[in-house]
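First comes the structure, then the notes that go with it.
Nothing in this text is a laboratory measurement; each read-out follows from the coordinates by a stated rule. Predicted model only: the values in this text are computed from it and were never measured. Using ideal geometry, Cβ is built from the backbone for each residue, glycine included, and neighbour counts are taken over all protein chains shown.
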Amino acid sequence: MSVELISANHAAALSAILAARANRTARGFCAGVYPITPSTECMEYLCSQEIEKGNVIRADSEHNAMGICIGASAAGARSFTTTCSNGLAYMVENCVAAAGYRLPIVMSVANRTLGPPWNIWADHGDSLLLRDLGWLQLYSADNQEVFDTVLCAFKLAEDPRVLMPALCCMDGFILSHTMSQVDVPSQEQVDRFLPPVDIPQRLDKTAHTLGQMEAPHASVMHRIQHHQAMLGAEQLYAEIQDSFAEIFGRRPADPLVTYRAEDAETLIVSMGTLGVTAERVVDQLREQGQAVGAVRVRMFRPMPDTGLSKIFAGKQRIAVLDRDVSIGFGGVLWGEVRGFADPATIVQNYMVGVAGGDVRPEHMLNLLVDLQQRRESGAPQIVEVA
Amino acid sequence: MIKEPALNGMAYTEQDRRDPLLRPGNSNCGGCGMSNLMQMLRRATGERELKMVVPACCAAVTSGSFPESVFGIPTIMSTFASAASVATGVAAVAQLNAERTRVICLAGDGGTYDIGMGTLSAAAERNEDILYLCYDNEIYGNTGGQRSSATPAGAATTSTPRGKQEIKKDIIGIMAAHRIPYAASISLAHSDDTLRKLQFALDARGFRFLHVLSPCPTGWKSEPAMGIELVRLAVRSGLFPVFEVFDGERYVINVEPEFSNEALMMYLSLQRRFRNTGVTEEILRPSIERYWNYLRLMSGRIVPAKRN
């Protein structure tokens, strides 16, 4: 174990490299990569490393970067890539395919606004494009979490009871380019945590066809299997946390990270780094005697519905902060979680920090003033903070 | 060498791989050129180990529905534009594990000339260890026969009902410009030549590209039994040059055409796709001559073939 001062992009890449080397005794590692701001540094780091039984292929597009990952994973290797924003949008078709083949490919996304008009700053709208495609989705709030999440994502995605691709998201620039201390385990520790991957459907000796046509009945059965496996992933993640803690001596973050939420009357719900700001705001308001708490949704897919229902139970007011806009609807997170609150709870959606707006504590305090004045839930609000 | 031009690989011989690559019960149309290609590939493959990538194309439908598999080798169905990138990943992992398996792509003209062109170009530029087989029926077959950039001038398709105006894209020229180790066109009417090229390409390393003119009775509106004869007419008339290019430099013409007007006329008249579009031998002849002049220049042959 060593402590390194690195960016979150670097942390994701380092984590992937350790995972790559951990598969050297099996079928190795192969990644297809392509640059895009602000994920570029992650792929550059991958390209700078010598990996025993590993090959990082410089693709000609994100679509083909994922194509290469699909081929590698279908041939039984561990696979990883990174992209964001329009790169992710360009990749979507092959992301659908990766999930359909049930291949445990892990992808790091430095969340960035979709364009045009071009905008390189943080927004969750890109990774949320993949919401319904059968990818696990985990959102991190600091560099250590990014590092740990990538390792856990491999373990979770490659579990024979799960077998599906995983997204590890971090806010572009806010996290991706911020340097902070990260505990980096030794290769030997990672080897113990992450055993060689075995992809049962891989192209081997037997003549079989992966991803061929099927009739509606077979498709429904495949959807059911995928759905059930995804639902089971939350429980498996708890096992992975235990094993992680045993080997690395620290526990990776829970699917739902609560902060002073238990006795709170008002909750701030968010994803990514907004959750860190929310915790500071909670501290300030607690000092003023207000019973406020925060919940950070770290695991977005599968959606930890039971956990959220328990946390939301009996709360008076809930502010759901979205760093995204589903145009013509409201915040995506709000749309997903509002149903878990009691009918009497006032659940108000604030889309804040959209397209990279810098959300500071005073902005959140203003939103909470608005929330406390409300007698009932209103229409979702897009809040300008820039 | 096996000589059975009339059968064109349809008979089983001792050279053939035991398990067919294209198993009985597949849903290919009668007279499909891709069926012939797969039979020839079965013979060329022998006991070599293969893995296959098939993008969206007729072969993606041929494979039958889950859980049966029509292909006698491990196969992955990729998205339309991704055959060469998925094959890149499969081949890279085979290389990492020092496996002898050969990775092949089986793609139609739409997935090669059009939507998959960028992917193909990138894999060729990286000189990935892939054998890319393009079976070219000169239309989008699965969707009912629309034009692709492989459709020849003068052919009617459902999206060019009065006949396509533009000439066919020069795919071997494009691939040769990547300086890949091997690029060749294959005539299914010349089985010895086909077999030799398939075997050479299977054993060669780096990116190999084979272009196969694949008769399509459904799209060409021709008699299923005439497919191989149509290919022969396309070769005889000079419309479909049979040649190979080594390292993007050394051009070798494999079959010397007679440039017969009669063959060209028969080729056009035996397919209803050329009827009512106004295309004639006289209209096609200049572009055929232009291409052959280019081929003679590249292959260093000064003496042109005999003309009728």
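Some notes on this structure:
- In chain A, the longest principal axis of the Cα atoms and the axis of helix A:274-287 are about 30 degrees apart.
- The distance between label points at residue B:14 and residue B:95 comes to 3.7 nm (points 7 Å beyond Cα on the Cα→Cβ vector).
- Taken along its three principal axes, the alpha carbon spread of the protein assembly as shown comes to 101, 53, 46 Å, from the longest extent down to the shortest.
- Rounded to 10°, Cα long-axis angle of helix A:216-248 versus longest principal axis of chain A: 80 degrees
- For residue B:262 and residue B:294, the FRET efficiency from 1/(1 + (r/R0)^6), where r spans their Cβ atoms and R0 equals 25 Å, is about 0.55.
- Alpha-carbon Rg/Rh ratio, for segment A:1-133, with Rh computed the Kirkwood way: 0.96
- Value of [θ]222 nm, deg cm²/dmol, for chain B, DSSP H segments ≥ 4, -39500 (n - 2.57) each, nearest 500: -10000 deg cm²/dmol
- Angle between chain A longest axis and helix A:361-373 axis [Cα atoms, degrees, rounded to 10]: 60 degrees
- Order of A:171, A:132 under a 10 Å beta carbon neighbour criterion, fewest first: A:132, A:171
- Rg in Å to one decimal, and Dmax rounded to a whole Å, for chain A via C-alpha atoms: 20.4, 68
- R0 of 60 Å, Cβ-Cβ distance residue B:146-residue A:238: FRET efficiency to nearest 0.05: 0.70
- Value of Rg to Rh for chain B (Rh from inverse mean 1/r over Cα pairs, i.e. Kirkwood): 0.94
- Order of A:135, A:121 under a 10 Å beta carbon neighbour criterion, fewest first: A:121, A:135
- Extended-chain gain in nm, criterion 0.36 nm per residue less alpha-carbon gap, residue B:276 and residue B:68: 70.6 nm
- Averaged over residues, the count of other Cβ atoms within 10 Å places the peptides A:265-278, B:245-258, B:82-95, B:137-150 in the sequence B:82-95, A:265-278, B:137-150, B:245-258, highest first.
- FRET efficiency estimate (nearest 0.05) - Cβ-Cβ, residue A:25 to residue A:2, R0 35 angstrom: 0.90
- Qualifying aspartates and glutamates (Cα of each under 13 Å from Cα of residue B:197; at least 8 residues distant if same chain): B:244
- Ranked for footprinting exposure by Cβ neighbours inside 10 Å, fewest first, A:222, A:124 give A:222, A:124.
- For residue B:182, residues with placed amide H under 5 Å, excluding near neighbours: B:209, B:247
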